[in-house]
Amino acid sequence: MMDLDSIVETENEMQDLEEVVMGLIINSGQARSLAYAALKKAKEGDFEQAHAVMAQSKMALNEAHLVQTKLIEADQGEGKTKVSLVLVHAQDHLMTSMLARELIAELIELHEKIK
């Protein structure tokens, strides 16, 4: 016979994980979008605003990184967290956002030197 309590608990855990994963996607996507907005400001020669927007981008990326850290801590290296396509997608978003920020910071610096 099926244990209905454990099914409900599992469904709640999956919903909680999905919410966490969506937070990871949203925050990392926001970080990447802000970084590109900062690059646009740098191209326009508005370096003060470019740096301000990059600071906002860093805050969004920090939020995403905190979510990732919580996932890692919850897993404790024991495979407790169910790996899903959405979780992999979220990790991919975070990684590309981190890379985009690093490259965009370099591009902004180059734009400043050129001006």
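The values are calculated or read from the model by the stated rules, or taken from the named source; none is laboratory data. What you see is a predicted model; the values in this text were computed from it and never measured. All Cβ positions, glycine included, derive from the backbone under ideal geometry; neighbour counts span all protein chains shown. All accessible areas refer to the heavy atoms of the entire protein, side chains included, with ligands and DNA or RNA removed. Shrake-Rupley method; radii C 1.70, N 1.55, O 1.52, S 1.80 Å.
What to note about this one:
- Radius 14 Å from Cβ of THR69, net charge of other residues (Lys, Arg +1; Asp, Glu -1): -2
- Among the listed pairs LYS41/LYS115; LYS58/LYS82; LYS41/LYS113, those beyond 24 Å (Cα-Cα): LYS58/LYS82
- Take every pair of alpha-carbon atoms less than 8 Å apart whose residues are at least six positions apart; their mean separation over the length of the chain yields a relative contact order of 37 percent.
- Stretched out straight at 0.36 nm per residue, the stretch from TYR36 to GLN15 would grow longer than its current Cα-Cα span by 4.4 nm.
- Mean accessible surface per residue for the chain, computed with a 1.4 Å probe while every protein chain stays in place, in Å²: 69
- Projecting the alpha carbon convex hull of the chain along each direction and taking the average yields 8.0 nm².
- For the pair THR81 and LYS58, the difference between a 0.36 nm per residue extended length and the Cα-Cα distance amounts to 5.6 nm.
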